[in-house]
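The values are calculated or read from the model by the stated rules, or taken from the named source; none is laboratory data. Not measured: the values here are computed from a predicted model. Cβ: placed from backbone, ideal geometry, glycine included. Neighbour counts: every protein chain shown. Areas reflect the complete protein model, heavy atoms only, side chains present, ligands, DNA and RNA absent. Shrake-Rupley method; radii C 1.70, N 1.55, O 1.52, S 1.80 Å.
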Amino acid sequence: MASATIQPVRVTRSALWRMRLELFWRGLKTNWALFSENPIGLIGLGIILFFGLLAILHPILMHTVWSPNIYDPVSGFDMQVPISPSPPSLRHLLGTDPLGRDVLSQLMYSTRYEFGLGILSAVITVVIATTVGAFSAYYGGIIDMFFMRLADLVIMVPLIPILIVLAAFNPVGMIELGVVIGLLSGFGGTTIVIKSQGLAVKVKPYIEAARIAGGGDFHIIFSHMVPNLMPLSLLYMMFVVTGAIFSEAVLSFFGLTQIKMSWGLMINTTQVFGYLLRFDTWYLLIPASLAITLLCAAFYFVGRALDEVVNPRLRQR
Amino acid sequence: MWRYLGKRIFQMLITLLLFQAATYFLLDAQPGDIADLLTSNPKIPPSQRQVLRHELGLDKPFTTRLVAYIENFYRGDLGVSFNQYPRPVMDIILERLPRTLVLFLTANILAFWTGFVSGKILAWHRGGFIEYSSTIVGVTLYTVFTPWFALMMIWLFSVYLGWLPPGKFLDPVKWISAPAGITANKVFIGMIWAATAVLIITFIGFIISNYLPPKTRPAVRLGSFLVPAVLVLFNWWTSAAGPYAWDILRHLILPVLTVTLIAYGGTMLLTRTSMLETLREDYILTARAKGLPEKVIRDKHAARNALLPVWTSLVFALGASMSGGIITESIFSWPGIGLTLLNSALIGDIPLAMGALTMVGIITLISHLVVDVGYAFLDPRIRY
Amino acid sequence: MTNNGVLVDIKHLSKLFPMGAGMFQRSKVFVHAVSDVSLRIRQGESVGLVGESGCGKTTTGKLLTRLLDPTAGSIDFQTKDGPVDIATLRGKAMKRFRRRVQMIFQDPYESLNPRLTINDTVAEPLNVQGIGSLVEREDRVVQLLESVGLTPAHSFLFRYPHELSGGQRQRVAIARALVVNPNFVVADEPTSMLDVSVRTSVMQLMGKLADEFNVTYLYITHDIAVARYMSDRLAVMYLGKIVELGDTEEVLHHPLHPYTKALLSAVPVPDPLHKRNPVVIKGQVSKPVNPLPRCRFYERCPLADKFCETHDHPPLEDHGSGHYVACYHV
Amino acid sequence: MSMTDNILEVKNLTMHYKTRKGPVYAVDDVSFVVRRGESIGLVGESGCGKTSIALSLMKLLPDNAEIKAGEIHINGVDIVPLSERALRDIRWKQISMVFQAAMNSLNPVYTVEDQIKEAMHYHLPRMSDEEMNSKIDNLFRMAGLDPAMKSQYPHQYSGGMRQRAVVAMALSCDPNIVIADEPTTALDVIVQDGLLKKMRELQRQLNMSMIYISHDIAVIAEVSERVGVMYAGKMVEFSTTVNIFHHPMHPYTMALMSAFPSIVGEKTELVVLPGEPPDLLDPPPGCRFHPRCPYATSICKEKEPEFREYEEGHFVACWHPGGEQA
């Protein structure tokens, strides 16, 4: 054994987590530096933050400036507005819908649930896809075959038609929808992508090094494979959020959900009352449609920018 | 190759079988029995109810019914629609399938071709205003809320400009006076055959032109398209069904355009990314070292290889386009499989909904197969 | 040490890889990656395993570290309680084995997990095997980093592999291999990805650590010039077989097997005035897929005749002072 | 020496890459001459600028690279100011290249024949189809390949065959100069030996000039008549191969020679060169080698040594050539 002439500086236990926190922070900073070079990613993040602000602002407004009787997104009604729908005014910045409810309040109220839905389904997808992908890639054989055939089955029918049928015959709210979308994309396309990346990770020499170090299967999967699959999962998380918000909006637009208020439902209300193709009542159709488009695009933008952080091959010098 | 194809088709059938079992199970486990729905449907006369119950075998156990259902499916029998009783589901689906296929195929082929060509050119001219604006257009088309986009198309082309009808398959007022022999489906199928014939002749012309000297190529290619096209147009012009075909065609344009644009964004963006990656390859450097003209490097070397990942991603793109197609069909009241699925789901017509869903699944499965087999032709490294 | 100081005794080791086997069908076609290899590695010596790509040298390394299980034959590893066949190790015994045998990989960019810090990478064997307390582990990691010349060690502890140069990464990989104090290290082309100036220092470091830590090396490489400096004995492999084995200088100066002769005459020499012998063999290495029962070198051998064609692959025979050759014409 | 004898003249070539952290001078003030029919070796460790020189010679630089100064005369014509259109006629016709990774330098979706022919179509437009076919067959035979293989795809070739095909492709338009950038790095020794011999033979037979680029000094010793040694973007020594290997003057060259193992001769102790090559974003002042140089004095840290001819045809950039104290 080497003679330890140099007195090593010990990093004690308490300092260790501080070190790790610092490392994490440093990693975050370098990744942010890469991310922030991408204007498209920044625009996406800006839009997400803007909608986040709307979501937070709604309960505050309801408790302060907006009287619940008038501004409640579901049951509100303004006596002072003679005809509904009414165009934008100072009292109702985006006008009122055919039932006399405030459009802006509906828009802001829904934002929170759209975020919740997106995050719920994305988290479910990522947890399933990463675990299943890592296990399938690592073990191969019968486990792999089972999950890959399952994935084939899941991607056999596109998301919207299967959701239409499911929603038509079952009462579906935001949470159910989030879970179903999460499960479908978790066991479907996302798993296939993560698994193929997992196969590339599996043959890296550091996996063999870990085995020679004495690491068992679970050690290798959770300390080596999953951390290297995480960035890709994160990227797909963004696309799942987009997919979830879009699907909810489509289903609500067709009137297939049990949701009280959402952007899709706002457009559905517009359609039910026959204001869809009228340009004078633009405030019924455009704000909600634009919100869906913008938020979906924002998550897509962030995903694209993350792609450049995650995949150095795409990086421009 | 044939062995691979056989294996794939066998796999497809297994997947289809599992899928049918899954959907049957899902719909069977609904709260509210099929029988309830059936008996509460006022369109079905009471005397028929017991017969129907027996016919549908609703008293038998689940597995027996599932096996019977799948057996009947392969005999071409999908049961009877509740809502349009006593019309068989297969009949309805066969009537509507061509309408969806025309929409789906035309739109996707157009979108793939235009998306690939424009994405390739965009990647070649990096930076500047054109790249930014076209990226924005691409992303907008890719992420836009489809129903809204369809509505805007209707608003622009039929409400504001008044050029095209806002929806539906045909104009009923015009068709009331149609001669006895002319029915919508007959005319439509005739149109499909005519278009297919033109396409096949053009395709053969293109292949033949590749063996001719370069100078005569454009003339042969143009001719092989124009001659059959003019002949077909002339034939319809003189035929009594001509005006009716024109009516269907006018109704077709807007939905096709909408689905095309929706599918275009994704292909364009993906081609651009794929091209940018291909351009980093060593063989592109080699091609430049060889002193080849830019256009040859772009089209022959870069784009040909960039095509491979774009083609593979079609598996997902076609799924998305199918979803977009269903939405578009319902907004335009285009009576295809998508609208059938939505309407039957909304009114609880379970046999029809299942039939339509199965059909959507089969279309997707076949497109996956086409993508896989096409890939084998595109990539010489793959030989089954 | 008993058993004449033999640390690893490889007996009739074979590894076959099936080709084109599906889920439900058993393959009839096998790649004979390693076939009937016997080799004794003595305590404290360094054996070089050389050959062209696809000759089975990496597979041999993986068998020795039990990344792969052999198809046939045994690998007896000397422990306190006498020799143990490593293929039979399970559970606790397997973990103990992992402390005694380690491996250094070829590519320093791929053999370190990009998401782990240097500290985590070097401490990994200690962590997964639960050796020592947290503080002891850290001391050990620091000590090892100092030993491989990454000083000051604590400035490297919390860095990521991408912040290090190729030479530094390979030093980290060496530190990780030596952290559990192994007796036997399989080094699979550890310097082939490094630049000349860095390569020499890593080679020298490995030599120094072999004495310091009392390690026995199996040095796998395609570069015979490097093997000359890293090994006491040299084993030349061709298509899964050892064709020549002997003292390094002896093999280099008096090669007996026609393949070894060809290989040595193909190695470029950094001296423009040196005239090499022409290479006499033709063709190129193919895969040993279901090889015919005759000398593996038959198709390319300038000495091949009827006898070679009709007889099985020649056995590895001693031609004096531990110089073994597998050829009928020596 | 007359102009026509020097097929290639590089004068004070300086080239940098723009990176987010600042410019990287990959090639800094490099000058050398290649004579007709001669083979030159460029040797150096990774990141020393060998490949950047090769790409500059063909002006195949990536978007972020720029030639800041210097001239590159090919057959007497300076190609630095030439337009992309004019360069197209020079590439492959006058100067062609064998790239490092043969695996990737052939397009996977076309046959090898296709890829050779397409260059001939552009550069030799008057050649008939039959002539072209017989020429390709000839090239294949010259490179040691079976002409029947030409209609196969690159993935059907083995590594060594692929590299031979790339050599055949590089010779298809009868260039005056061929640059070979690490042509044998991924190959096994016996295959490498065969390919190097073939290339050397072809070069002599066709009286071409060749520039071999490698990190392996043994390979360079085998194939080149004169050698340039690169370190951190600079050419530090340039002379005949015998001089470089038996009478090196720059301390870096001396270190390289004594750090390189050989299978012949006495087994001598390899000498370790301490440290690692510098970061080109922030190269050390003065002589770039001074932090690792055993002979470094104060002047080395302050002033950059000039690249000059110390002996007849032996150029060195060092304040203490041969290691003597100045």
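Restricting attention to the stretch B:357-374 and to residues that are in contact with a Ser or Thr (Cβ under 8 Å, 6 or more places away or on another chain) and facing another protein chain (nearest Cβ under 8 Å), the residue that is farthest from B:Gly325 (Cα to Cα) turns out to be B:Leu365.
The residue that is nearest to C:Pro314 (Cα to Cα), among those in the stretch C:255-277 that are open to solvent by 50 Å² or more (accessible area, probe 1.4 Å) and more than 9 Å from chain D (Cβ to nearest Cβ), is C:Leu256.
For the stretch A:231-249, does any single residue satisfy the condition of being facing chain C (nearest Cβ under 10 Å) and open to solvent by 10 Å² or more (accessible area, probe 1.4 Å)? Within the stretch A:231-249, one or more residues are facing chain C (nearest Cβ under 10 Å) and open to solvent by 10 Å² or more (accessible area, probe 1.4 Å).
Within the stretch A:188-208, restricting attention to residues that are open to solvent by less than 20 Å² (accessible area, probe 1.4 Å) and assigned to a helix (DSSP H, G or I), which residue is nearest to the other protein chains (Cβ to nearest Cβ)? This residue is A:Tyr206.
I'd like to check which helices (runs of 4 or more DSSP H) are fully inside the stretch A:209-317 and have at least 1 residues that are aliphatic (A, V, I, L, M), out of contact with any Asp or Glu (no Cβ under 8 Å at 6 or more places or on another chain) and closer than 21 Å to A:Arg101 by Cβ. Correct list: A:226-253, A:263-272, A:282-310. Residues in the stretch D:271-287 that are facing chain C (nearest Cβ under 7 Å) and surrounded by 20 or more Cβ atoms within 10 Å (Cβ to Cβ): D:Leu273 only. Selection within the stretch C:134-159: residues that are small (Gly, Ala, Ser) and more than 9 Å from chain A (Cβ to nearest Cβ). The member of this set that is nearest to C:Val202 (Cα to Cα) is C:Gly149.
One residue stands out among those in the stretch B:165-181 that are open to solvent by 30 Å² or more (accessible area, probe 1.4 Å) and outside any helix (DSSP H, G or I): the one that is modelled with the highest pLDDT, which is B:Pro166.
For (1) crowded, with 22+ Cβ neighbours inside 10 Å; (2) not acidic (Asp, Glu), each residue gets a yes or a no:
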| position | (1), (2) |
| --- | --- |
| B:Ala320 | no, yes |
| B:Gly324 | yes, yes |
| B:Ile347 | no, yes |
| B:Gly355 | yes, yes |
| B:Val370 | no, yes |
| B:Asp379 | no, no |
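Consider the stretch B:253-283 and keep the residues that are of a type in the set (A, V, I, L, M) and touching a Ser or Thr at 6+ places or on another chain (Cβ under 8 Å). The one that is most open to solvent (accessible area, probe 1.4 Å) is B:Leu270.
Conditions tested, residue by residue: (1) open to solvent by 40 Å² or more (accessible area, probe 1.4 Å); (2) away from every other protein chain (no Cβ under 14 Å); (3) under 21 Å from D:Gly49 (Cβ atoms); (4) out of contact with any strand residue (DSSP E or B) (no Cβ under 9 Å at 6 or more places or on another chain).
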site: D:Met235; (1), (2), (3), (4): no, yes, yes, no
site: D:Ile244; (1), (2), (3), (4): no, no, yes, no
site: D:Pro248; (1), (2), (3), (4): no, no, yes, no
site: D:Gly265; (1), (2), (3), (4): yes, no, no, yes
site: D:His290; (1), (2), (3), (4): no, yes, yes, yes
site: D:Arg308; (1), (2), (3), (4): yes, yes, yes, no
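Being of a type in the set (A, V, I, L, M) and open to solvent by 20 Å² or more (accessible area, probe 1.4 Å) holds for only one residue in C:Ala93, C:Ala175, and it is C:Ala93.
Looking at D:Ile116, is it crowded, with 17+ Cβ neighbours inside 10 Å, among the hydrophobic types (A, V, I, L, M, F, W, C) and in a strand (DSSP E or B)? Spelling it out, it is not the case that D:Ile116 is crowded, with 17+ Cβ neighbours inside 10 Å, among the hydrophobic types (A, V, I, L, M, F, W, C) and in a strand (DSSP E or B). Among the residues of the stretch C:109-125, not a single one is of a type in the set (Asp, Glu), assigned to a loop (DSSP other than H, G, I, E, B) and touching a His at 6+ places or on another chain (Cβ under 9 Å). The strands (runs of 3 or more DSSP E) found entirely in the stretch D:3-97 that carry 2 or more residues being more than 21 Å from D:Ala232 (Cα to Cα) are D:6-19, D:22-35, D:65-74.
The condition (being crowded, with 19+ Cβ neighbours inside 10 Å, in contact (Cβ under 8 Å) with a residue 60 or more places away in the chain and in contact with a Ser or Thr (Cβ under 9 Å, 6 or more places away or on another chain)) is satisfied by just one residue among D:Gly37, D:Gly76, D:Gly41, D:Gly49: D:Gly41.
Residues are listed down the side, and each one gets a yes or a no for (1) open to solvent by 20 Å² or more (accessible area, probe 1.4 Å); (2) in contact (Cβ under 8 Å) with a residue 12 or more places away in the chain; (3) part of a strand (DSSP E or B):
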{"residue": "C:Gln168", "(1), (2), (3)": "yes, yes, no"}
{"residue": "C:Val185", "(1), (2), (3)": "no, yes, yes"}
{"residue": "C:Leu194", "(1), (2), (3)": "no, yes, no"}
{"residue": "C:Ser197", "(1), (2), (3)": "no, no, no"}
{"residue": "C:Met203", "(1), (2), (3)": "no, yes, no"}
{"residue": "C:Tyr217", "(1), (2), (3)": "no, yes, yes"}
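Per the conditions (1) at pLDDT below 90; (2) crowded, with 17+ Cβ neighbours inside 10 Å; (3) in a helix (DSSP H, G or I), the sole criterion not satisfied by B:Thr286 is (1). With respect to the conditions (1) touching a residue at least 60 places away in the same chain (Cβ under 8 Å); (2) part of a loop (DSSP other than H, G, I, E, B); (3) not β-branched (Val, Ile, Thr), D:Leu145 falls short on a single one, namely (1).
Matching residues to (1) within 14 Å of chain B (Cβ to nearest Cβ); (2) over 30 Å from A:Asn228 (Cα atoms):
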site	(1), (2)
A:Pro87	no, yes
A:Asp102	no, yes
A:Ala122	no, no
A:Leu153	yes, no
A:Ser185	yes, no
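Just one of the listed residues (B:Val102, B:Val159, B:Val117) is in a helix (DSSP H, G or I) and touching a residue at least 12 places away in the same chain (Cβ under 8 Å), namely B:Val102.
Applying the set (1) among the charged types (D, E, K, R); (2) under 26 Å from B:Leu101 (Cα atoms); (3) crowded, with 18+ Cβ neighbours inside 10 Å to B:Lys186 leaves exactly one unmet item: (3).
Per the conditions (1) within 30 Å of A:Val240 (Cα to Cα); (2) within 11 Å of another protein chain (Cβ to nearest Cβ), the sole criterion not satisfied by B:Thr258 is (2).
Only one of the numbered conditions (1) within 13 Å of chain D (Cβ to nearest Cβ); (2) assigned to a loop (DSSP other than H, G, I, E, B); (3) touching a Phe, Trp or Tyr at 6+ places or on another chain (Cβ under 9 Å) is violated by C:Val236, and that is (2).
Yes/no per residue for (1) under 14 Å from B:Gly119 (Cβ atoms); (2) of a type in the set (S, T, N, Q):
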residue: B:Leu233; (1), (2): no, no
residue: B:Leu270; (1), (2): yes, no
residue: B:Leu276; (1), (2): yes, no
residue: B:Tyr283; (1), (2): no, no
residue: B:His301; (1), (2): no, no
residue: B:Asn305; (1), (2): yes, yes
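The rows are residues; the columns are (1) in contact with a Phe, Trp or Tyr (Cβ under 6 Å, 6 or more places away or on another chain); (2) in a loop (DSSP other than H, G, I, E, B); (3) of a type in the set (S, T, N, Q).
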position	(1), (2), (3)
C:Leu16	yes, no, no
C:Pro70	no, yes, no
C:Lys95	no, no, no
C:Met103	no, no, no
